[in-house]
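A short worksheet on the structure shown next.
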């Protein structure tokens, strides 16, 4: 397919695209709201119709016990790779409603953006995949790869039913590459590929002493205080260079090649902007690494919550019976969450004093994910972005996890390409969510080119 | 008055004493229970009657806005000291009721003890003072000192109305010594005088960074975590010898004379028993001091509560916006709570890193109290105890505070003698409260002898 022809076709359809997407957006598919069960089904059915109209075959709604999963495929490119496209049709709640400048479920163009709940996350991006497919058909071109689609309605509430479905439908979903458009570009007109996600090891540590809170007048100063011990422990989890002190914590961390660090350094970054976004007083982290490196290529440890003793208003004079900290460690590729949890446990048991008891409760965990930059699928995505945006893409990682990425990788054994067209400041979970229109239309073109690139 | 005559008289009246006390105990004067307002007044009236029957004059109920205060006096010992007796007629709630072996408001003798709510704390002890007074009258003896009585009905709910009353009735309550029987002896048949109480300085320290909790995937490792900083701060509040590290914290602490430390060392003490009472794993505290010394003669610092970030069930991956610790410092004589709060604030501001904000909220405070062992009033109490119990009393301090002690000392300028006849294991705030009968009867004798001793 000639790119200029594709581009002209997409540009000629802008009005129709916006109209069709508005129809999907209008359905209030808020998965967190139990009163919207019917809307969830209605939204799944609407998207199924769009898929069928585009020419996608075998479109099926799978009952899950929760919101339906939508499947569809088009497998007529014999000998060519199979691409599995993932997206989600559920959206975040809209409160506080009063902060929306236009009604959240009424797609509204203002300036360069389309405003609506789901415009960016993820109805808009899911829609781009359907329109990329449709473009081939409308232009009477062969679809250059085999395509499979899986769209869920529970992403915003933890993808509860997706993982078991993937595990039990390995043959149906089998693919050579998984493409997900549910992330953000680094900035406007900055084509971006996300090639790495951090993993997670989460646990709870509880230090206890007496069976009940004790009067600090009668016991204060003569027994150890669990809050003090927990504070000592937390204080010992980092050294003065911001490094995690758990022995062997970094053993499996692979040095990131210089080129990759240079790539990260090439990204526009401003402390002022980062502090504005975070509302934090200052940047702070592991010595020797930039903010983006700290977030993407370095493992970290954070206490996510701490509590013990009297936490109400006013004053109560007790020696707390116990104190608890919730600790999460973000992991980088080649680290194992199980091993890290064990190392943590060993360390705590080594440093806990004999004046108290300690208990560690291992909670959830997930492995880090990485699709190497030089993987053919990543190269294809890179070429597609460069073709459409006229510049080489930026390669970034994410500091967080996307659980479904791991499930796809582990279950299907396929690399995942995160090719998102959102923007970090598009309020995807806040009022006035929007989608940059140029990314919307160029995204459709990029995905069409991607299918071609993956074919060759 | 001849002691043998007094002793024989008290012993002859045991049955009547128990009957009369049972009548007071029967009135359910639970100050924490708003539905017992009438019982509070009824109890105050009953005690007033007992006072009048004993011969106490000017018995008056003062309205306070809460439960009435009972005043009475007998001032016929010209040129002799005036003794102000304090007690309280309100009692702790009785739940869990099912754990009482006999009904809480039905005074029951079992073995060597009288079981009932209020038997020890403080109806029984208040009653002893009335009977000591009455003994003189029944034996046709002059009352050897001038006596004033102030009994409150809000001790178990914070003595809300007592302090303003004392401040506004300085002339009425003016006295040379205040005697309070509301504490415990160190053990059975171990006559005890409590001569010191620790003071208190309470504050809240809040470390904050971002305005809201942040996603730890997007920000973890690149900004400072308020929980980590608070843990560092708490961890730095004690050194490895268990000493408080706030600079100048110990400057005003007066060395306790060797004789006093020897006196403390003479007290029976068992780690096993202390650990049984506290339920703690081990004793722990400032290096170089025994458990009783740590509790009584050394200032301490304890975090009474800590909280920040996610404290619910399960896991949430956030960088907390802020974290708070409630900190109390128990102070010893000659330390000033205002100065200690200032020193703490200065120290925190010195050690807090520039990556976060910190706020300190000074809360309540109270000064330590000490009536020197060689004070004439203490010597009189000591002589009275030795006369009745046949052995020299133990001198102890308390690790906690009794706010009214300070108010009496500050407002009336009078020393306070804490001459209690309870026992540490008499469940004064728990089911099956009881009073050791021998202490009950010997207490009456001791107080009568005390009035004589104070007279000479």
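Couple of notes before you dig in:
- Helix A:376-389 vs. chain A, principal-axis angle (Cα, 0 to 90°, nearest 10): 70 degrees
- Order of A:330, A:243 - criterion: other Cβ atoms within 10 Å of each residue's Cβ, fewest first: A:243, A:330
- Shielding by partners - mean other protein chain Cβ count within 10 Å, residues of B:310-318: 6
- MRE, 222 nm, helices only [DSSP H, n ≥ 4, -39500 (n - 2.57), over the protein assembly as shown, to nearest 500]: -11000 deg cm²/dmol
- Cα gyration tensor shape of the range A:38-143, rounded if a/c is under 1.5, else prolate or oblate by comparing a/b with b/c: oblate
- Among A:60, A:407, B:300, B:192, the ranking by other beta carbons within 10 Å of each residue's beta carbon, starting with the fewest, stands as A:60, A:407, B:192, B:300.
- Restricting attention to the protein assembly as shown, close to 70% of DSSP beta bridges with both partner residues there are antiparallel.
- Relative to the other identical copies, residue A:375 shows label-point distances of 7.9 nm, where the label point lies 7 Å from Cα along the Cβ direction and values run shortest first.
- Helix A:337-351 axis, angle to chain A major axis (alpha carbon atoms, nearest 10°): 10 degrees
- Ascending list, in nanometres, of distances separating the residue B:138 label from those of the other copies (7 Å, Cα toward Cβ): 10.8
- Label-to-label distance, nm, for residues given as residue B:271 and residue A:137 (7 Å Cα→Cβ offset): 8.1 nm
- Annotation for the range A:141-172 versus the range B:173-227: alpha-carbon center distance of 56 Å.
- Percent antiparallel among DSSP beta bridges (both partners in chain A, rounded to 5): 70 percent
- With a Förster radius of 22 Å applied to the C-beta separation of residue A:241 and residue A:338, the computed FRET efficiency comes to 0.25.
- Between copies, the label points at residue A:250 (set 7 angstrom from Cα along Cα-to-Cβ) are spaced 3.8 nm, reported in nanometres from shortest to longest.
- In the range A:315-360, the ratio of gyration radius to Kirkwood radius, Rg to Rh, stands at 1.11 when only Cα atoms are counted.
- Whole-number Å³ per residue for the convex hull built on Cα positions in the protein assembly as shown: 183 Å³
- Tilt relative to chain B, helix B:14-26 - C-alpha long axis, 0 to 90 degrees, to 10: 50 degrees
- B:264, A:340 arranged by Cβ crowding within 10 Å, fewest neighbours leading: B:264, A:340
A short reminder: the numbers here are calculations on the coordinates, not readings from a lab. Just so you know, these numbers come straight off a predicted model, no measurement behind them. Positions of Cβ are backbone-derived with ideal geometry, glycine not excepted, and every protein chain shown enters the neighbour counts.
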